[in-house]
Amino acid sequence: MNKKYNWAILGCGKIARKFSSDLKLLSNANLYATASRSLKKAQDFANEFGFEKAYGSYEEMLADPQIDAVYVATPHSFHHEHAILCLKNKKAVLCEKAFAINKKEAEEMVACAKENNTFLMEAFWTMFQPSFVKAMEVIRSGELGKLKLVRSDFAFNGEFNPDNRLYNVALGGGSLLDIGIYPVFAALTSLGKPELLKTLVDFSSTGSEETISMIFKYKDGEMANLTSSFASLSPTQTEYWFENGYMILNPRWFTPTNITVKKNGEDEQILHSGHEKGWGYQYEAAHVMECLDAGKIQSGRMSWQMSLDLMETLDRVRIDAGIFFPDHDKNLFF
Ligand SMILES: NC(=O)c1ccc[n+]([C@@H]2O[C@H](COP(=O)([O-])OP(=O)(O)OC[C@H]3O[C@@H](n4cnc5c(N)ncnc54)[C@H](OP(=O)(O)O)[C@@H]3O)[C@@H](O)[C@H]2O)c1
């Protein structure tokens, strides 16, 4: 029988709630500890979801030798600092997306995982959704011919609030690293890194990016047309246009969903994902434990290279669009 892993939550915010509720679905996951900057908040969170221990500081929790794996669920501007803190304490890390603010930070996180011989993976939950896995199989099968264009969006009305992390440049605010990363992920996982890219962008009054449109071009003429925004609601779907048909990851495409496949001259077909319960965060957590069972420090499915390629592409998009995070980007672009 495989080991039961003691999981800890670093940062008791919104996404940590959904993740914790899905962690309960896994028989080899023990909800062990929570850490917050406020002990009361950590205790309330622990009581609500059934964690055994609660800590009033991240550092204090990481000194607990019983912890096997930590879910880093703080804003992106802290991922580099908090993932490194975990790795130096020899705790396996599942770190929320965006993995870091830029590629340089991501490289330092990977170097730290290697130095400490400790597991590190970006929590890109879409990679593990049964529907997304099926879509990748359809692309690889070649049954629709060559993939020529990817069109992907993710937008919601974020209701402008300068205090919210979504609009706070110091916290990595802006749609790109929060939700635009998903369309970029859709392009990278199907077409790879682009040869050329162009962007158009709109900023909010705090200086954070609010809406971005990106076009990627590849060396054989393939393209990706990607958009994210906090100013409107979008269908939030990903379309793959092939020589002989199309495939749609239906709304909300990055969560458990179903797939529409249309072959030229045939009726549309719906492929069901088989997802039954939960938000869909259990798949990435289950994969982390499979990797730990196998003694791995890197996932073969959400690899370090994939996270580095994502950060590099996001850096290129930001340079083209003029989106900078002054606390993190020093000496990077100038
Ligand atoms: N995979 C997904 O579906 C998904 C969905 C939403 C968000 N995310 C990602 O998850 C991360 C967290 O997002 P969220 O929406 O959960 O964020 P959030 O609720 O605004 O904040 C998360 C937590 O970070 C901690 N934190 C530490 N320092 C902070 C600071 N200076 N300001 C604010 N919070 C601070 C706080 O925890 P304590 O007060 O307990 O210390 C806070 O509750 C982001 O990187 C985001 O991109 C992923």
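The values are calculated or read from the model by the stated rules, or taken from the named source; none is laboratory data. Source: prediction; values computed, not measured. Please note: Cβ atoms are built from the backbone with ideal geometry, for glycine as well, and neighbour counts cover all protein chains shown. Surface areas here come from the heavy atoms of the whole protein model, side chains and all, with no ligands, DNA or RNA. Shrake-Rupley method; radii C 1.70, N 1.55, O 1.52, S 1.80 Å.
Beyond 23 Å in Cα-Cα separation lie the following of the pairs Lys24/Lys91; Lys90/Lys296; Lys41/Lys90; Lys14/Lys97; Lys18/Lys88: Lys41/Lys90; Lys18/Lys88.
What is the percent of Cα-Cα separations in segment 5-123 that go past 22 Å? Roughly 26 percent, once rounded to a whole number. Once you have a ≥ b ≥ c as the square roots of the Cα gyration tensor eigenvalues for segment 234-315, tell me rounded if a/c is under 1.5, and otherwise prolate or oblate according to whether a/b is larger than b/c. Prolate is the answer for segment 234-315, as a/c is 1.5 or above and a/b outweighs b/c. Stokes-Einstein diffusion of the chain at 20 °C, 1.002 mPa s viscosity, Kirkwood radius from Cα pairs, rounded to a whole number: 105 µm²/s. How many percent of DSSP beta bridges within segment 1-61 run antiparallel, rounded to 5? Given both bridge residues lie in segment 1-61, the antiparallel proportion sits at roughly 0 percent. Mean residue ellipticity, 222 nm, helices only, the chain: the sum of -39500 (n - 2.57) across DSSP H runs of n ≥ 4, divided by residue count and rounded to 500, is -9500 deg cm²/dmol. Surface composition of segment 130-279: carbon plus sulfur atoms hold 50% of the accessible area, using a 1.4 angstrom probe and ignoring ligands, DNA and RNA. For the chain, the antiparallel share of DSSP beta bridges with both residues in that region comes to about 55%. Peptide packing: for 297-305, 32-40, the average count of neighbouring Cβ atoms within 10 Å per residue gives the ranking 32-40, 297-305, highest mean first. Per residue, segment 190-334 exposes 50 Å² of accessible surface when a 1.4 Å probe is rolled over the protein heavy atoms with every protein chain present.
For segment 279-326 versus segment 46-85, the spacing of their alpha-carbon centroids is 19 Å. Solvent exposure of segment 5-123 amounts to 38 Å² per residue of accessible area, where only protein heavy atoms count and the probe is 1.4 Å.
Can you send over the carbon and sulfur percentage of the accessible area for segment 5-52, probe radius 1.4 Å, protein chains only? Whole-percent figure for carbon plus sulfur exposure: 48.
About its Cα centre, segment 130-279 has a charge dipole of approximately 360 debye under the convention of +1 per Lys or Arg Cβ and -1 per Asp or Glu Cβ, with nothing else charged.
Across segment 130-279, the convex hull enclosing all Cα atoms gives 117 Å³ per residue.
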